[in-house]
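Here's the structure, in structure tokens; my notes come after.
The values are calculated or read from the model by the stated rules, or taken from the named source; none is laboratory data. Keep in mind that what you see is a predicted model, and the values were worked out from it rather than measured. Cβ coordinates were reconstructed from backbone atoms using ideal geometry, including for glycine residues, and neighbour counts include every protein chain displayed.
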């Protein structure tokens, strides 16, 4: 798993590449917690290069979303494809998260 | 007699990636497409993590995996452990309709596994738990218009 982040219109855009599994999920969650403790409460997560996500990954996303919600913020997703998109659909994540085709659309909706 | 690929390792999170890779290699050798392989890998991870956490809660032990094809040319993964009797299919399914604050962070793994695979069966065989996961080898094989 590789995590890179940059800012667009002052909003952190986080790209996750590779795999979020039981081994890497804690690292993802820690990265997100660090951003939240720096005061970032609106995040755009680009998963275009994410190949794999298991329930451990979903749990780390839910835990992050709960923290953001208690701070009055939210996370938006972009670029889901393949098995990651399928896993999000099966898990009902499409009904609890705002998911956009592209980063640009996500940024326009924050 | 056909010898099926088999692996046996200590049931520890450190071996998770290696065990998944073993299943992935089997699937790859059978010509299974990339998307299906990822689904197989996710299901294998969910099964293994549950075995590590529940079947071997307080003790150490091994986990063995066999990959094969069944008579319908489906891909079959058999996972065996000698931990306490533990039917992971008996775990309660999560409510996937709840919103963020009500959503419980547990229970999703087995739910995912059951949705991604065509069939999942549990058997207690002598002193072992045997979990069998079955899936078609390509998305077009599945009698499902969504695929």
> Can you spot a residue in the range A:19-28 that is within 14 Å of chain B (Cβ to nearest Cβ), in contact (Cβ under 8 Å) with a residue 40 or more places away in the chain and assigned to a strand (DSSP E or B)?
Replying inline: yes
>> Filter the range B:99-136 down to the residues that are out of contact with any helix residue (DSSP H, G or I) (no Cβ under 7 Å at 6 or more places or on another chain), at pLDDT 90 or above, farther than 23 Å from residue B:61 by Cα and more than 9 Å from chain A (Cβ to nearest Cβ) and list them by number.
In response: B:114, B:118, B:119, B:134, B:136
> In the range A:1-18, what residues are surrounded by 14 or more Cβ atoms within 10 Å (Cβ to Cβ) and within 14 Å of another protein chain (Cβ to nearest Cβ)?
Replying inline: A:1
>> Quick check on residue A:76: is it in contact with a strand residue (DSSP E or B) (Cβ under 6 Å, 6 or more places away or on another chain), at pLDDT 95 or above, facing another protein chain (nearest Cβ under 10 Å) and farther than 23 Å from residue B:20 by Cβ?
In response: no
> From the residues in the range A:29-47 that are assigned to a loop (DSSP other than H, G, I, E, B) and over 11 Å from the mean Cα position of the chain (by Cα), which one is nearest to the other protein chains (Cβ to nearest Cβ)?
Replying inline: A:41
> If you take the residues in the range B:79-98 that are away from every other protein chain (no Cβ under 14 Å) and outside any loop (DSSP other than H, G, I, E, B), which one is nearest to residue B:45 (Cα to Cα)?
Replying inline: B:79
> What are the residues in the range A:48-66 that are in a helix (DSSP H, G or I) and over 12 Å from the mean Cα position of the chain (by Cα), if any?
Replying inline: A:55, A:56, A:66
> Are any of the residues in the range B:59-69 assigned to a loop (DSSP other than H, G, I, E, B) and modelled with pLDDT of 90 or more?
Replying inline: yes
